[in-house]
Amino acid sequence: MRGENAIITGGARGIGESIARLLAKMGAAVIIWDVLEDQAKAAAAAIAKDIGVKTLGSAVDVTKAASVDTALDAAMKEFGKIDILVNNAGVTRDGLLIRMKEEDWDLVLAINLKGVWICTKAVGKVMLKARKGAIVNIASVVGVMGNAGQANYSASKAGVIGLTKTSAREFAQRGVRVNAVAPGYIRTAMTDKLSDEQRGRLRNMIPMGDLGTPDDVADAVAFLASDAAKYITGQTLNIDGGMVM
Ligand SMILES: NC(=O)c1ccc[n+]([C@@H]2O[C@H](COP(=O)([O-])OP(=O)(O)OC[C@H]3O[C@@H](n4cnc5c(N)ncnc54)[C@H](O)[C@@H]3O)[C@@H](O)[C@H]2O)c1
């Protein structure tokens, strides 16, 4: 990926940071967009120091087209082109469907689904013009299987899978590939909130018997973003220890 530039949304920590680090190790310059401005800048600076690639960390809210456009202008001025976009920013606001508050539904759909559309629209335009690009969307196994207590989250992630297929079809003839990964349960701040009992129950649902790591997800994203996947588009790759078969 030497000479390529990659944007990772929600890259300040967790899975996004692992993806940014791996793409940097593969030679790409990385641009981290996150609502957590200080953490985005710190993660970008740490990657530059550890790996020696050019990086940029910016405050971006993926639900706001104006915020994305401003950050994209800044990235284009600094880097000149964008080769890879990883739509990773995402949140949960769990609760049973009949008790779920409308604001929790709206927030999760806005960040996890509308945010992917906003970033794909803005960065996709640049890629289509260049006739080159790879977009990888971070969906979830619950977008495929459903999950009690996650009506908003599972709907948003199922939406991401549909959006991946449509953008892949619209962009295919102009050199831009769009794929998704659907992680199962991965050890991050998002799953640290689970109780020991919930984690025990999860382990029983995973054929491989344990939670995954952010690096497991990053490896699959790097593959789909690389030329090794140059004839693959519109696919969703499950990274879940065998939960979905
Ligand atoms: N952890 C898991 O088990 C798991 C499983 C399946 C899918 N995922 C998905 O992986 C992705 C990363 O999750 P994670 O576990 O690393 O979570 P995380 O909370 O550690 O990281 C998410 C990042 O997104 C950022 N973010 C939130 N709202 C944003 C916004 N409006 N604009 C820009 N950035 C924003 C956060 O600040 C944070 O840095 C998410 O899309 C999540 O749904 C996680």
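Picking from LYS49, LYS64, LYS54, LYS77, which residue would you name as being modelled with pLDDT of 95 or more, in contact with a strand residue (DSSP E or B) (Cβ under 7 Å, 6 or more places away or on another chain) and basic (Lys, Arg)?
On the way: LYS49 fails: in contact with a strand residue (DSSP E or B) (Cβ under 7 Å, 6 or more places away or on another chain); LYS64 fails: in contact with a strand residue (DSSP E or B) (Cβ under 7 Å, 6 or more places away or on another chain); LYS77 fails: in contact with a strand residue (DSSP E or B) (Cβ under 7 Å, 6 or more places away or on another chain).
The unique qualifying residue is LYS54.
If VAL142 meets every condition in (1) within 29 Å of ARG93 (Cβ to Cβ); (2) in contact (Cβ under 8 Å) with a residue 60 or more places away in the chain apart from one, which number is that one? Only one criterion in (1) within 29 Å of ARG93 (Cβ to Cβ); (2) in contact (Cβ under 8 Å) with a residue 60 or more places away in the chain is unmet by VAL142, namely (2).
Looking at the stretch 200-218 only, could you name the residues that are more than 23 Å from GLU17 (Cα to Cα) and more than 10 Å from the ligand (Cβ to nearest atom)? If you could, list the steps in order and put the result at the bottom.
Going residue by residue through the stretch 200-218, those that are more than 23 Å from GLU17 (Cα to Cα) are 200-209.
Passing the criteria: GLY200, ARG201, ARG203, ASN204, MET205, ILE206, PRO207, MET208, GLY209.
To keep it simple, each residue is scored yes or no on (1) part of a helix (DSSP H, G or I); (2) without any contact (Cβ under 8 Å) to a residue 24 or more places away in the chain; (3) surrounded by 22 or more Cβ atoms within 10 Å (Cβ to Cβ).
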{"site": "LEU56", "(1), (2), (3)": "no, no, no"}
{"site": "LYS77", "(1), (2), (3)": "yes, yes, no"}
{"site": "ASP104", "(1), (2), (3)": "yes, no, no"}
{"site": "LEU109", "(1), (2), (3)": "yes, no, no"}
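Go through the stretch 200-240 and count every residue that is over 16 Å from GLY14 (Cα atoms), assigned to a strand (DSSP E or B) and more than 15 Å from the chain's Cα centre (by Cα).
Taking the stretch 200-240 as the starting set, the residues that turn out to be over 16 Å from GLY14 (Cα atoms) are 200-210, 223-238, 240.
Pick out the ones that are also assigned to a strand (DSSP E or B) and you get 236-238.
After this cut, where a residue has to be more than 15 Å from the chain's Cα centre (by Cα) as well, the list is none.
Residues flagged as over 16 Å from GLY14 (Cα atoms), assigned to a strand (DSSP E or B) and more than 15 Å from the chain's Cα centre (by Cα) within the stretch 200-240 amount to 0.
Within the stretch 66-86, if we keep just the residues that are touching a Leu at 6+ places or on another chain (Cβ under 9 Å) and under 21 Å from PRO183 (Cα atoms), the residue that is farthest from the ligand (Cβ to nearest atom) turns out to be ILE84. Looking only at residues of the stretch 150-199 that are over 15 Å from the mean Cα position of the chain (by Cα), surrounded by 16 or more Cβ atoms within 10 Å (Cβ to Cβ) and of a type in the set (A, V, I, L, M), we find that the one that is farthest from the ligand (Cβ to nearest atom) is VAL176.
Within the stretch 111-133, identify whether any single residue is of a type outside the set (A, V, I, L, M, F, W, C), in a loop (DSSP other than H, G, I, E, B), touching a strand residue (DSSP E or B) at 6+ places or on another chain (Cβ under 8 Å) and buried (at least 18 other Cβ atoms within 10 Å of the Cβ), and answer yes or no. The answer is no, given that none of the residues of the stretch 111-133 is of a type outside the set (A, V, I, L, M, F, W, C), in a loop (DSSP other than H, G, I, E, B), touching a strand residue (DSSP E or B) at 6+ places or on another chain (Cβ under 8 Å) and buried (at least 18 other Cβ atoms within 10 Å of the Cβ).
Within the stretch 154-181, how many residues turn out to be of a type in the set (Gly, Ala, Ser) and over 22 Å from GLY95 (Cβ atoms)? Working first, answer last.
To start, the set of residues in the stretch 154-181 that are of a type in the set (Gly, Ala, Ser) comprises 154-156, 158-159, 162, 167-168, 172, 175, 180.
In the following step, the residues that additionally are over 22 Å from GLY95 (Cβ atoms) were identified as 162, 167-168, 172, 175, 180.
Total meeting the criteria: 6.
Consider the stretch 214-234 and keep the residues that are without any contact (Cβ under 8 Å) to a residue 60 or more places away in the chain and surrounded by fewer than 17 Cβ atoms within 10 Å (Cβ to Cβ). The one that is nearest to ILE82 (Cα to Cα) is ASP227.
The values are calculated or read from the model by the stated rules, or taken from the named source; none is laboratory data. Because the structure is a prediction, the values reported are computed rather than measured. Glycine also receives a Cβ, built like all others from the backbone with ideal geometry; neighbour counts cover every protein chain displayed.
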